[in-house]
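**Student:** Just dropping this structure here.
The values are calculated or read from the model by the stated rules, or taken from the named source; none is laboratory data. Everything quoted here is computed from the prediction, not taken from an experiment. All Cβ positions, even for glycine, are placed from backbone atoms using ideal geometry, and neighbour counts span all protein chains on display. Quick note on the areas: whole protein, heavy atoms, side chains included, nothing else; ligands and nucleic acids left out. Shrake-Rupley method; radii C 1.70, N 1.55, O 1.52, S 1.80 Å.
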Amino acid sequence: MTILRTLSIATILLGSPLAAQDSRFAPTPAGKPRLLVDGKPFLVMGVQLNNSSGFPAILGDLAPAIARSHANTVMAPIGWESIEPEEGRFDFSVVDGLIAQARAQKVRLALLWFGTWKNANMSYTPAWVKRDPARFPRVIDADGRAIDVLSPIAAASREADAHAFGALMAHLKAIDGKQRTVIMVQVENEAGTLGADRDHSAAANALFDAQVPADMPGAKPGSWTANYGERAPEAFMAYHTARYIGAVAAAGKAAYDLPLYANVWPREQPGLLRPGESSPSGGAVSWLLPQWRALTPAIDVIGVDNYDTNVAPYTEIARAYDVPGNPLFVPETGGSIAHARHAFWTVGQPYAVGISKFGIGPDSGLKDGKPAEEPIALDYRLLTGAAPFLVPLRDAGHVRTAVEEDGMANIPMSFAAVDLAARFGEVRDGYGGQRGQGNADLAGRVLVAEAAPDRFLITGASANLKFATKLGQRGAVQLLTVEEGHFDNGRWVRERLLNGDETAFGLILPPEGRSMMVTVAVNR
């Protein structure tokens, strides 16, 4: 009998709505923290509400669309203006209503704190902040104009934001500390400054011309320009933005020790790179990620919002944030088939926290009023139930992914005892053997997990897989059993055995997706 590598699969219940024992990032021997929920590994497969949709009634109206998405986590924004309409007077009714709705829908919540920054703007700050630029100064651009961004060097703004965030976290602890419907909180949103490369106010100019502070990691004695040259404005803003957010996060963590993360608008943009123009100046861009992490110790993970549709830039951006101490997390991505392919790749990376699609409306998952599964919803349907089985195998290095791209219709995957080829589109004979010709919609994506040397979970869509012996070895790989089925909270449920026409021409993953548990033997 095959012995699975994962002995505790049946005890791991990812995405469970049961009362939580724990919710935290735990250290691992690999040096990348792992998200635990209910005391067990958790893989975020999320949907993010639209910017101004973080209200209970809207979340209730979206219940059918959220169910169609197969997401296990809803990312819901909380605007500072919503909870502190008057300074010092807090109203948490919106928060309470969101938690009640999430519990009713049996999904987890990640709350997104839209405080000082939302897309490098101050639009979600309360009116009493917006009305008082003397107390809460704006960033001044190079032409001397104030823009709609709070200056990160202003102590009053930092203290007001930290006070509000601390109050929010204390309230969460009081109403949700045992059940933990809210599993994590995002601190600000795509922080930084758009509209200026740095703050050019008199106070900021004096700081910019002075010595770089001693707590700026990697800096040497000297000015910002002496240390960073033409990148000095961005480094200057990163230092002050990170320290500001570090203080806000610390206030929240002191009130309630819940996982906190920050999200980043990446610097890697098409065309010219101009901090403050093509991306926010001062955010946790890849070249300043080490400094940001050092200056924000209360932030557990810095995730990267990755909307790129091409494989090379998508994976380049993702890998820049998949570093020791900081596992890959994509808090925002798009809803196209390209994003769905990249979601498969993302969740297949060891210790990845997960991914979330931005934007959901009442008609999401519908076409002409009838259910029509969105590309990333197919991913979630296949992977959410399988996640308890996959995560331990993935983090141990036993998972491979293959995603189709233009001109990439045949992708090898190598395991200890056998190799596989993922073939996309119609498979035809040709020079070098049978090869996929590619799908017109480039929809192919595959994830394969080696549960034992002779047993594999295969899941995905729009693909055809073939086993082969290792290079240089004689013989052939025989399919002993091919089970089609699904996962129920990490437990494999067989629906039928496949054979004959269903396996003679390769292991076929149809456009609507399929999961198979395959046992093989290598005959010499």
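**Student:** Report the net charge of residues surrounding ASP429, where surrounding means a beta-carbon distance below 14 angstrom and charges are Lys +1, Arg +1, Asp -1, Glu -1.
**Tutor:** That works out to +3.
**Student:** Extending each Cα 7 Å along its Cβ direction at ASP419 and LEU272, get the distance between those two points in nm, one decimal.
**Tutor:** Between ASP419 and LEU272, the label points sit 4.8 nm apart.
**Student:** Excluding ligands, DNA and RNA, what is the solvent-accessible area per residue of the chain at a probe of 1.4 Å, expressed in Å²? Walk me through the numbers before you get to the answer.
**Tutor:** Working: 20910 Å² over 524 residues.
That works out to 40 Å² per residue.
**Student:** Does the range 362-422 classify as rounded, prolate or oblate by the C-alpha gyration tensor (a ≥ b ≥ c root eigenvalues; a/c under 1.5 gives rounded; else a/b over b/c gives prolate, otherwise oblate)?
**Tutor:** oblate
**Student:** When you count, for each residue, the other Cβ atoms within 10 Å and take the mean per peptide, how do 274-284, 448-458 rank with the highest first?
**Tutor:** Those peptides, ordered most packed to least, come out 274-284, 448-458.
**Student:** I've got another one for you. Given the -39500 (n - 2.57) contribution per DSSP H run of 4+ residues, what per-residue ellipticity at 222 nm results for the chain, rounded to the nearest 500 deg cm²/dmol?
**Tutor:** After summing the helix terms and dividing by the residues of the chain, the value is -8000 deg cm²/dmol.
**Student:** Roughly how far apart, in whole Å, are the Cα centres of the range 125-166 and the range 300-319?
**Tutor:** 30 Å
**Student:** Can you pull the percent of Cα pairs in the chain with separation above 35 Å?
**Tutor:** Result for the distance tail: 38 percent.
**Student:** Same structure again: Measuring from label point to label point, each 7 Å out along Cα→Cβ, what is the LYS178 to THR309 span in nm?
**Tutor:** 4.9 nm
**Student:** Any chance you could check the Cα centroid distance between the range 219-295 and the range 376-444 for me, in angstrom?
**Tutor:** Here the two parts' Cα centres lie 36 Å apart.
**Student:** Can you pull the one-decimal nm distance between simple spin-label points at THR28 and ALA127, each 7 Å off the Cα toward Cβ?
**Tutor:** Distance between label points: 4.8 nm.
**Student:** OK, next. May I ask you to list the lysines whose Cα is less than 30 Å away from that of LYS40, ignoring any residue fewer than eight positions away on the same chain?
**Tutor:** Those lysines meeting the cut-off are LYS32, LYS106, LYS173, LYS178, LYS253, LYS357.
**Student:** May I pose another question? When the accessible area of the chain is split by element with a 1.4 Å probe, what percent falls to carbon and sulfur?
**Tutor:** 53 percent
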